[in-house]
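The values are calculated or read from the model by the stated rules, or taken from the named source; none is laboratory data. Not measured: the values here are computed from a predicted model. Every residue, glycine as well, gets a Cβ built from its backbone with ideal geometry; the counts of neighbours run over all protein chains shown. Just so you know, the surface numbers come from the protein's heavy atoms only, side chains and all, with ligands and any DNA or RNA stripped out. Shrake-Rupley method; radii C 1.70, N 1.55, O 1.52, S 1.80 Å.
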Amino acid sequence: MQHIDVIEASRLKVQQHLDSSKTQAERNKLGQFATPSALAVDILEYARTLLPPRQRIRFLDPAFGTGSFYSALLKTFPRSRILSATGYEIDAHFAARAAELWHEESLHLSNADFTKQLAPSSDNDRANLLISNPPYVRHHHLSNEDKNRLKMLARRSAGITLSGLSGLYCYFMCIAHSWLAEDGLAAWLIPSEFMDVNYGRAIKEYLLNQVTLLSRSPVRSRRCSV
Ligand SMILES: C[S@@+](CC[C@H](N)C(=O)[O-])C[C@H]1O[C@@H](n2cnc3c(N)ncnc32)[C@H](O)[C@@H]1O
């Protein structure tokens, strides 16, 4: 068994423990639904086929959880290709356990609200591989104050005006736009409801006009895959 498989097995136990220590209502409020390991690996393997073979990776997961995508990154890419890896996680319990799990790796993990962080000012510091299962938090869990702040940030970052009915994942996608390098690749695991509802028009506009949509599989660039 490879070292990464051992850590992944521990991660899954930690994930299960954290999930069962919370009520459904608590998990809904923060959109805490983990990505299955096999799907995370599939997404990273697909991303690998889209990137230049020797390109060094600056990885970002803005909604880290325990690190399913980081784990898949380490399984899929040799360490020599990983230049940096950054994660944000708002929940102190998840962030603490993730920090323990990954302490041997050079991961920059912050226990912080991603939407309150400043995007890097230089393209060289922006991520060229952003993989995320952003929090699926319905709009009625967001305060008016938060909606106004998030709307302003989304407009500034991606030039998109989101409706007040948008879920948190829509704001995540638009705000993360300014974290992505010019030729960066992003994959977003998001609910397909945006295709059918009025508030989703702004997300369609983003995917059609602000990035190059590479694939619409159950898996973005400034190239993008959703
Ligand atoms: C859908 S889960 C995905 C977790 C992990 N990346 C995975 O794929 O298994 C979303 C995660 O985002 C975290 N989260 C929610 N709001 C956040 C915010 N504003 N900033 C950073 N993390 C946040 C939640 O606590 C949760 O762990």
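For the reader, a short list of remarks on this structure follows.
- Selection status of Ile43, assigned to a helix (DSSP H, G or I) and farther than 22 Å from Phe172 by Cα: no
- Residues of region 7-18 classified as within 12 Å of the ligand (Cβ to nearest atom) and either at positive phi or of a type in the set (Gly, Ala, Ser) (or both), total: 0
- Test: residue in region 184-204 that is within 19 Å of the chain's Cα centre (by Cα), at pLDDT below 95, farther than 30 Å from Ala99 by Cβ and not charged (D, E, K, R): yes
- Residues being surrounded by fewer than 18 Cβ atoms within 10 Å (Cβ to Cβ) and within 19 Å of Asn133 (Cα to Cα) - total across region 1-13: 1
- Residue pairs whose Cβ atoms lie under 6 Å apart, sitting 6 or more positions apart in sequence or on different chains, and linking a residue in region 123-138 that is under 11 Å from Glu182 (Cα atoms) to a partner that is open to solvent by less than 10 Å² (accessible area, probe 1.4 Å) and part of a loop (DSSP other than H, G, I, E, B), do not occur here.
- All positions within region 94-140 that are open to solvent by 40 Å² or more (accessible area, probe 1.4 Å), outside any loop (DSSP other than H, G, I, E, B) and hydrophobic (A, V, I, L, M, F, W, C): Ala96, Ala99, Leu109
So that you can scan it fast, the table gives a plain yes or no per residue for (1) under 20 Å from Ile90 (Cα atoms); (2) open to solvent by 40 Å² or more (accessible area, probe 1.4 Å); (3) among the aliphatic types (A, V, I, L, M):
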| position | (1), (2), (3) |
| --- | --- |
| Ser143 | yes, yes, no |
| Thr161 | no, yes, no |
| Gly164 | no, no, no |
| Tyr169 | yes, no, no |
| Phe172 | yes, no, no |
| Trp179 | yes, no, no |
| Leu185 | no, no, yes |
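- Residues being among the charged types (D, E, K, R) and either open to solvent by less than 60 Å² (accessible area, probe 1.4 Å) or modelled with pLDDT under 95 (or both) - total across region 150-159: 1
- Among the residues of region 19-64, those that are open to solvent by less than 70 Å² (accessible area, probe 1.4 Å), more than 9 Å from the ligand (Cβ to nearest atom) and closer than 20 Å to Leu83 by Cα comprise Val41, Ile43, Leu44, Ala47, Leu50, Leu51, Pro52, Gln55, Ile57, Arg58, Phe59, Leu60.
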